[in-house]
1. Please sort by residue number the trypsin sites (Lys or Arg not before Pro) in region 292-326 whose DSSP state is loop and whose Cβ has at most 15 other Cβ atoms within 10 Å.
2. Hey, which of these cross-link pairs are over 24 Å Cα-Cα: LYS114/LYS272; LYS135/LYS251; LYS176/LYS244?
3. Set the Förster distance to 30 Å, then compute FRET efficiency between SER300 and ASP260 from the Cβ-Cβ distance, nearest 0.05.
4. Any chance you could check the Cα centroid distance between region 185-249 and region 287-324 for me, in angstrom?
5. Among THR261, PHE73, TRP113, pick out the residue whose Cα is farthest towards the positive end of the charge dipole of region 69-325, where Lys and Arg carry +1 and Asp and Glu carry -1 on C-beta, about the Cα centre.
6. Compute, for region 167-311, the length of the dipole vector about the Cα centre, with Cβ point charges of +1 (Lys, Arg) and -1 (Asp, Glu) only. Units Debye, rounded to 20.
7. Quick query: amide H of TYR143 versus all other amide H atoms, modeled in the peptide plane; which residues come in under 5 Å with a sequence gap of 5 or more or a different chain?
8. With θ taken as phi - 60° and the coefficients 6.51, -1.76 and 1.60, list the Karplus ³J(HN,Hα) couplings across region 95-109 in order, rounded to whole Hz; mark glycine and proline as x.
Amino acid sequence: MTLIRVPKSWEILDREITPESVFLNRRRFMKGLLGAGLSASILPLAGCQSDRDSEISYDYLQEYSNLVRNPRFAQVDRPLTPEDVAAKYNNFYEFGRGKEIWRVAQALPLEDWKVEVSGLVKNPHTYDLDEINRKFPIEERVYRFRCVEAWSMVVPWVGFPMRLLMADVEPTSQAKFVRFTSWFDKDVTSGPGWLAPPHLPWPYTESLRIDEMANDLAFFATGIYGHTLPKQHGAPIREVIPWKYGYKGAKSVVKIEFVDTQPATFWNTVVKSEYDFEANVNPDKPHPRWSQAREKIISSEDSLSWKRVPTLPYNGYGEYVAHLYT
Ligand SMILES: Nc1nc2c(c(=O)[nH]1)N[C@H]1C(S)=C(S)[C@@H](COP(=O)(O)O)O[C@H]1N2
Ligand SMILES: [Mo]
């Protein structure tokens with residue numbers, strides 16, 4: 001669709017304000033990260049320091065798209081989580097129940113990745129990654145990220161709003177929900193281990209209402225910290241829904257289906273009483289086993305240094321989404 005190549009008003013606005021900095025092409029963005037002239041106030045957040053960079057293909061994004069830092073989501077009220085901390089504290093139950101699954105998750109096979117979009121849409125379509133990256137303009141957004149387990153991070157995602165994909169496939173008026181399915185291969189995944197319930201409803205699935213998906217905040221991430229997603233974060237494409245608990249954001253998405261009734265989802269099927277479908281971050285609604293009034297900010301490898309702060313309603317995104325729930 002040509003429509004999605006038209007710059008948004010905020011892009012134009014920001015290009016006028018800081019012409020060199022915000023409308024960065026990928027190459028310039030990289031130069032900036034390497035210290036070739038971009039001021040620290042413009043790119044203070046993206047890290048390029050970690051040893052894992054060797055396994056990340058910068059060229060992948062460079063080839064496909066201009067990377068725009070969306071000025072509306074350039075920062076939040078707390079510092080960015082260090083990249084290596086975020087990359088070593090993950091939930092990806094296909095690969096284990098602990099937080100340290102980043103090594104085993106490297107078994108995730110990314111070759112010939114396809115995302116099938118089907119169901120109640122005018123243009124059902126199976127995308128490969130190349131098409132996704134060419135078609136949807138990539139931007140960076142710094143979002144708060146809140147897990148239902150009462151910890152949080154601040155993460156600079158790279159990707160595109162879900163509404164652009166909706167515009168491409170055109171859901172019909174019967175479509176009321178969307179269901180996302182994660183990659184699953186029982187021969188590759190180790191699973192969450194012996195403590196887990198025996199019959200987990202794999203593959204991992206999640207779902208949103210159509211109007212939630214259409215909200216500008218709902219995002220597909222294809223990258224993080226300025227480069228493609230490491231496997232443990234849900235490569236090559238995952239959902240990011242910043243006003244909801246982290247489990248709403250299915251990783252490593254292979255299928256997107258538009259449906260007319262609310263579908264079953266992974267955690268809601270496993271423990272309905274603990275993981276509700278809506279899953280909006282809400283300090284006043286405790287999890288059955290713990291309070292959600294506060295959260296600890298995962299800020300370093302030293303858990304003793306993690307500050308506890310009050311949880312924000314809708315994770316601080318009420319101005320964008322509260323109207324969806326009145
Ligand atoms: N396929 C899949 N997606 C998933 C999960 C999972 O176990 N499997 N865990 C969810 C939960 S509970 C959280 S908090 C986030 C964690 O994302 P991160 O590891 O990139 O921070 O992924 C979500 N998406
Ligand atoms: Mo989570």
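1. Numbers: sites: ARG294, LYS296, LYS307, ARG308; in loops: LYS307.
Here the sparse-neighbourhood loop sites are LYS307.
2. Details: LYS114/LYS272 30 Å; LYS135/LYS251 21 Å; LYS176/LYS244 19 Å.
In this structure, LYS114/LYS272 exceed 24 Å between Cα atoms.
3. Details: r = 46 Å, r/R0 = 1.54.
After rounding, the FRET efficiency stands at 0.05.
4. Region 185-249 and region 287-324 have Cα centres separated by 19 Å.
5. Comparing the listed Cα positions along the dipole, PHE73 ranks first.
6. Computed charge dipole of region 167-311: roughly 460 debye.
7. Amide H neighbours of TYR143, under 5 Å, 5+ apart: VAL155, TRP157.
8. Result, rounded to whole Hz: 10, x, 8, x, 7, 9, 9, 4, 6, 4, 5, 5, 6, 4, x.
None of the figures in this text is laboratory data; all of them are computed from the coordinates on show. Being a predicted model, the structure only gives us computed values, none of them experimental. Here the Cβ is made from the backbone with ideal geometry for all residues, glycine too, and neighbour counts use every protein chain on show.
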